[in-house]
Amino acid sequence: MIKDIFTHDTANEVIDRINHLTPDQKPGWGKMSADQMLAHCNVAYAFLFEPEKFKKPGILKKFVLMNFVKNFVVGEKPFKINSPTGSDFLIKNSRDFEKEKSLLIENIQKVQRLGREHFEGKDNFSFGKMSANEWNILFYKHLDHHLRQFGV
């Protein structure tokens, strides 16, 4: 069962896990470093809070995202190890660990403060209108996947 990122307790639990990360922590799978993983997780929030930074998907790509990718991303089934990722989420260079960590914590706190009601029926950059439950799954499942990747 997916925990509710909109609750204070779950948001704090995820933040506590993030605070246990170290810059030199090695992943259990994959190629990202800890700083790259944090930056990767921040992309989902940048799509939401800074959509002007990204090129909107064209009609064909949006069709594929909404009809094939969305169910994988917002379904309750956990992501598989080494699952493919979208090109906007690929982080190839080093990032400032502390800056990315602080930004991710701020993003989680902002989502929790905005609350479930804010996200009900809110448009997603890639997947169209989503329920608050779908937003919750998107946020929590992605964070949990990568925090498990780094053993926290």
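A compact table of results
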{"quantity": "Test: Glu13 is in a helix (DSSP H, G or I), in contact with a Leu (Cβ under 8 Å, 6 or more places away or on another chain), acidic (Asp, Glu) and at negative phi", "calculated": "no"}
{"quantity": "Residue satisfying condition, being under 19 Å from Ile5 (Cα atoms) and in a helix (DSSP H, G or I), within set Glu76, Glu52, Glu134", "calculated": "Glu134"}
{"quantity": "Answer from Lys80, Lys70 - the residue that is more than 13 Å from the chain's Cα centre (by Cα) and farther than 25 Å from His20 by Cβ", "calculated": "Lys70"}
{"quantity": "Criterion (under 27 Å from Gly151 (Cβ atoms) and modelled with pLDDT of 90 or more) met by exactly one of Asp123, Asp35", "calculated": "Asp35"}
{"quantity": "Given (1) on the phi < 0 side of the Ramachandran plot; (2) assigned to a loop (DSSP other than H, G, I, E, B), number of the condition Phe63 does not satisfy", "calculated": "(2)"}
{"quantity": "Qualifying residue in the stretch 79-96 (condition: aromatic (Phe, Trp, Tyr), at pLDDT 90 or above, out of contact with any His (no Cβ under 6 Å at 6 or more places or on another chain) and in a helix (DSSP H, G or I))", "calculated": "no"}
{"quantity": "Criterion (of a type in the set (S, T, N, Q) and surrounded by 13 or more Cβ atoms within 10 Å (Cβ to Cβ)) met by exactly one of Asn82, Asn71, Asn124", "calculated": "Asn124"}
{"quantity": "Candidate set: the stretch 99-113, residues that are surrounded by fewer than 20 Cβ atoms within 10 Å (Cβ to Cβ) and in contact (Cβ under 8 Å) with a residue 40 or more places away in the chain; chosen: the one nearest to Phe47 (Cα to Cα)", "calculated": "Asn107"}
{"quantity": "Hey, Val152 outside any helix (DSSP H, G or I), buried (at least 16 other Cβ atoms within 10 Å of the Cβ) and at negative phi or not", "calculated": "yes"}
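The values are calculated or read from the model by the stated rules, or taken from the named source; none is laboratory data. Bear in mind the structure is a predicted one, so any value in this text is a computation, not a measurement. As a convention, Cβ positions derive from the backbone with ideal geometry for all residues, glycine included, and neighbour counts pool all protein chains shown.
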